[in-house]
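A quick write-up on the structure given underneath.
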Amino acid sequence: MWKPATPPTSNQPNSTPAPNLTQNKPTPAPAMETPRSAAAEPTPAPANRNAVLNTQEQATIGKSLVIKGEVTGSESLYIDGKVEGSIQLPGNRVTIGRNGQVSANINAREVVVLGKVRGNLNASDRVDIRNEGSLTGDVVAQRISIEDGAFFKGGIDIRKPGQQKDSKEPVSIESSAVAAARA
């Protein structure tokens, strides 16, 4: 009906088809409102993500920042710059970004390595070394994940919650690989 109604618009009987077009337009308008509603659905999603980020405060050390000394606090930290010294954030997450270069011992609940780290990691929960990450140092954690392509040189000590530091001898990757080869 739209095609026949549109060509007569150029003729005098435009008055009659114009109200019909107006009557037909409200029908597509609700159809347009439905996609607008669908478009409105993604809008709240980022708002929800922002709300999640706001409840979990996270500080950021940018690319151009260099920190030498001790970093302490009570919020999660994202490092994209350089840090030398020590990082003490127990109960929080420390993420070393792709541009991050850390030469420090890190004590946190969770450590995610995307950049380069030289130092020992002590995590009460987990350590993730992602595919572009590099870690040179010993790891003490309940769980550890090393992705394909990641670089790791050091020892791993997996501890159960509440386990004391000296209760078991740390097992390095080299010794576990030799034990597996002998079996």
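Stretched out fully, how many nm does the piece from Ile67 to Asn131 gain, at 0.36 nm a residue minus the Cα gap?
Working: separation 64, 0.36 × 64 = 23.04 nm, distance 2.54 nm.
Once the chain is fully extended between Ile67 and Asn131, it gains 20.5 nm.
Loop-located trypsin sites (Lys or Arg not before Pro) across the range 78-156 with a Cβ neighbour count of 15 or fewer within 10 Å are Arg98, with loop assigned by DSSP. Between Arg98 and Ser124, the modelled label-to-label distance comes to 3.2 nm, taking each label 7 Å out from Cα in the direction of the beta carbon.
Legend: residues Asp128, Asp138, Asp148, sorted from most to least accessible area (1.4 Å probe; ligands, DNA and RNA excluded), read Asp148, Asp138, Asp128.
The values are calculated or read from the model by the stated rules, or taken from the named source; none is laboratory data. A quick note: this is a predicted structure, and the numbers were derived from the prediction, not measured. Counting neighbours? That spans all protein chains shown, and the Cβs are built from the backbone with ideal geometry, glycine included. Surface areas here come from the heavy atoms of the whole protein model, side chains and all, with no ligands, DNA or RNA. Shrake-Rupley method; radii C 1.70, N 1.55, O 1.52, S 1.80 Å.
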